[in-house]
Amino acid sequence: MKLAILSDLHGSLSAFDGVMAWLAPWQPDHLLLLGDLLNHGPRNPVPEGYQPAALAERLNTMASRILAVRGNCDSEVDQMLLDFPMMAPYNQLLVDGRRWFMSHGHLYQADGVPLPPGSLYLSGHTHLPELTCTGEGDLRRIMVNPGSICFPRGELPASLICYEAGELSLRAAQDGRVLQRLSLTGG
């Protein structure tokens, strides 16, 4: 299974289309969207390519392949434009025998979610990418934050994460180059 994990699109159609252009040959089975899809938010500037209604239309063409959670900038009005559910504060998946907990990150913190060892905690919100394994034994978990495709922070490039065959790869949103890899099969 191939998964593309994105967060904090903030209504930027041009950023989303740029990502989808290089993702197209890879053909992800699903897109996991970790919130802040259409609205730029009051603390952010208007992003380049800000076209939330057009982005909603583009996302709707992929609705059957999208699993999404609500971000702090998402609203019921946004949901009215989208053909897939995105108002849940969290979602959980089983992927290759591992539990994946998806949240935007503003309501559920990693240390407050009871997860079995080896689980993945996926969040956005900070716009800072993270791909790390923390803790040991019963506390071991993998922290996954794809960053933002349009508002990167920390002098890092806009980014997202791809998953395939037990490996996560943090990638630059502009061209897909690999910035970091993490194998889940190594224990």
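What is the gain in length, in nm to one decimal, between A165 and L179 on full extension, counting 0.36 nm per residue of separation less the C-alpha to C-alpha distance? Answer, rounded to one decimal: 3.2 nm. Separation of segment 82-126 and segment 1-53 by C-alpha centroid, Å? If you average the Cα positions of each part, the centres end up 18 Å apart.
Take the chain, connect every pair of alpha-carbon atoms lying under 10 Å apart with a spring to form a Gaussian network, then pick out the residue of L33, L168, L93 with the largest mean-square fluctuation. Per the Cα network of the chain with a 10 Å cutoff, L93 tops the list. Under the criterion of Cα pairs below 8 Å and six or more residues apart, the relative contact order for the chain equals 22 percent.
Taking the protein heavy atoms of the chain in the context of the full set of protein chains, the accessible area attributed to carbon and sulfur is 52 percent at 1.4 Å. Counting charges near Q180 (Lys, Arg +1; Asp, Glu -1) among other residues having Cβ under 13 Å from its Cβ returns a value of +1. Can you give the FRET efficiency to the nearest 0.05 for A63 and Q109, using r as the Cβ-Cβ distance and R₀ = 41 Å? After rounding, the FRET efficiency stands at 0.90. In the chain, the sites counted are trypsin sites (Lys or Arg not before Pro) in DSSP loop states with at most 16 other Cβ atoms within 10 Å, and the longest stretch holding none of them, exclusive of the sites, is 44-139. For segment 54-174, taking the reciprocal of the average inverse distance between every pair of different Cα atoms yields a Kirkwood hydrodynamic radius of 15.3 Å.
Computed over the chain with a Gaussian network model linking Cα atoms closer than 10 Å, the most mobile of A68, A24, A158 is A24. Close amide-amide hydrogen proximity is noted between S159 and S148, I149, A173, each under 5 Å apart and 5 or more residues distant or on a separate chain (H modeled in the peptide plane; Pro and chain starts excluded). The modelled label-to-label distance for the pair M1/R153, using points 7 Å beyond Cα in the direction of Cβ, is 3.0 nm. To the nearest 0.05, how large is the calculated FRET efficiency for Q27 and E48 if R₀ is 30 Å and r is the Cβ-Cβ distance? For Q27 and E48, the calculated efficiency is 0.65. Near H125, once Lys and Arg are set to +1 and Asp and Glu to -1 for all other residues with Cβ below 9 Å from its Cβ, the sum equals -2. Each Lys and Arg adds +1 at its Cβ and each Asp and Glu adds -1 at its Cβ; summed about the Cα centre, segment 52-187 shows a dipole of about 200 debye. Each residue of segment 127-135 was assigned a 3J(HN,Hα) from its phi angle through the Karplus expression (A = 6.51, B = -1.76, C = 1.60, θ = phi - 60°), giving 6, 10, x, 8, 8, 9, 10, 10, x Hz with x at Gly and Pro. Accessible surface for E76 stands near 130 Å², nearest 10, in the context of the full protein assembly shown (1.4 Å probe). Surface analysis of the chain yields an accessible area of 46 Å² per residue, using protein heavy atoms and a 1.4 Å probe.
Note: relative contact order over segment 1-108, using C-alpha pairs below 8 Å and six or more positions apart, is 26 percent.
The values are calculated or read from the model by the stated rules, or taken from the named source; none is laboratory data. Please read all numbers here as calculations on a predicted model, not as lab measurements. Methodologically, a virtual Cβ is constructed for each residue, glycine included, from the backbone with ideal geometry; neighbour enumeration extends over all protein chains shown. In case anyone asks, the SASA skips ligands and DNA or RNA and just uses the protein heavy atoms, side chains included. Shrake-Rupley method; radii C 1.70, N 1.55, O 1.52, S 1.80 Å.
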